[in-house]
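Beneath this line is the structure, given in structure tokens, with notes to follow.
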Amino acid sequence: MLVRLIYTSRVTNNIEATVIKDILRVSEQNNMIDNVSGVLLFSSSYFLQLLEGPRRAVNRAYARILVDKRHEDACMIRYEPIVSRQFGQWRMGYIGEGIFNKEVLFKYTTDGKFDPYSMSPDSALDLLLELLQRSVQIKS
Ligand code: FAD
């Protein structure tokens, strides 16, 4: 069975670019082996990550992620069975700060400020979908 999980967390210390690179490298390797796909957003000291794939593999990945000291205060926003993947082409797509703009933030938040802890499950999913789409358009 396929499931989707979205959680948010806060970075523990001042983050360096190499930390994100390390996380993405390991995530891509592990997720490839485990048939997990998804996307990681990092902005304003928050992580917002979506994982989708076989239930046991997603649960195992989340269990590893929860004990990672590079972040804290993990909060699950959404967990559900899904019919099909929406991020199948990304072992771990990445959305960095640069992709945000006022228009997108205002669309998905109450006050135009990015605080994933206060987002609804649907807003978090739609935001990730829209931002990843924008990020692909910018790169191509
Ligand atoms: P090992 O590599 O054996 O490491 C042992 C412990 O050290 C683990 O607790 C690990 O978290 C920690 N650790 C490893 N490298 C570092 C480091 N450079 N600095 C500090 N601590 C470290 N992993 C995935 O497989 N898929 C994902 O999608 C994924 N997303 C992540 C998203 C975020 C925001 C973060 C912070 C981490 C993510 N990770 C992901 C990494 C995950 O937390 C584990 O580090 C990784 O899966 C390896 O797990 P392991 O049990 O083999 O740990």
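Data table
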item: Cα-only radius of gyration and Dmax that characterise the stretch 34-117, units Å; result: 13.8, 38
item: Volume in Å³ per residue [convex hull over Cα atoms, computed for the chain]; result: 107 Å³
item: Fraction of accessible area attributable to carbon and sulfur, the stretch 1-78 (%, probe 1.4 Å); result: 52 percent
item: Under-5 Å amide H pairs with Val3, H placed in peptide plane, nonlocal only; result: Gly53, Arg55, Ile82
item: Per-residue ³J(HN,Hα) for the stretch 94-105, Karplus 6.51 cos²θ - 1.76 cosθ + 1.60, θ = phi - 60°, Hz, x for Gly and Pro; result: 10, 10, x, 4, x, 7, 6, 9, 4, 5, 5, 4
item: Accessible surface, 1.4 Å probe, highest first, among residues Asp122, Asp115; result: Asp122, Asp115
item: Vicinal HN-Hα couplings computed from phi for the stretch 33-46 (Karplus, 6.51 cos²θ - 1.76 cosθ + 1.60; Hz; Gly/Pro x); result: 5, 8, 6, 9, 10, x, 8, 10, 10, 10, 7, 6, 6, 9
item: Enclosed volume per residue, in Å³, of the convex hull spanned by Cα atoms of the stretch 1-57; result: 73 Å³
item: Estimated distance in nm for a label pair at Lys113 and Glu72, the labels positioned 7 Å out from Cα along Cα-to-Cβ; result: 2.0 nm
item: Under the Karplus curve 6.51 cos²θ - 1.76 cosθ + 1.60, θ = phi - 60°, whole-Hz ³J(HN,Hα) for the stretch 127-135, x wherever Gly or Pro sits; result: 4, 4, 4, 5, 5, 5, 4, 5, 5
item: Expected 222 nm ellipticity per residue - DSSP helices of 4 or more, -39500 (n - 2.57), all of the chain, to 500; result: -13000 deg cm²/dmol
item: Highest-MSF residue in the chain out of Asn31, Asn59, Asn14 [GNM, Cα springs under 10 Å]; result: Asn14
item: Accessible area in the full protein assembly, largest first, 1.4 Å probe, for Phe106, Phe42; result: Phe106, Phe42
item: Whole-number D in µm²/s for the stretch 73-127 (Stokes-Einstein; Kirkwood sum over Cα pairs; 10 °C, 1.306 mPa s); result: 122 µm²/s
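The values are calculated or read from the model by the stated rules, or taken from the named source; none is laboratory data. Bear in mind that the values here come from a model prediction, so they are computed numbers and not experimental data. Heads up, the Cβs are rebuilt from the backbone with ideal geometry, glycines too, and the neighbour counts pull from every protein chain shown. Side chains are part of the model used for accessible areas, which takes the heavy atoms of the whole protein and leaves out ligands, DNA and RNA. Shrake-Rupley method; radii C 1.70, N 1.55, O 1.52, S 1.80 Å.
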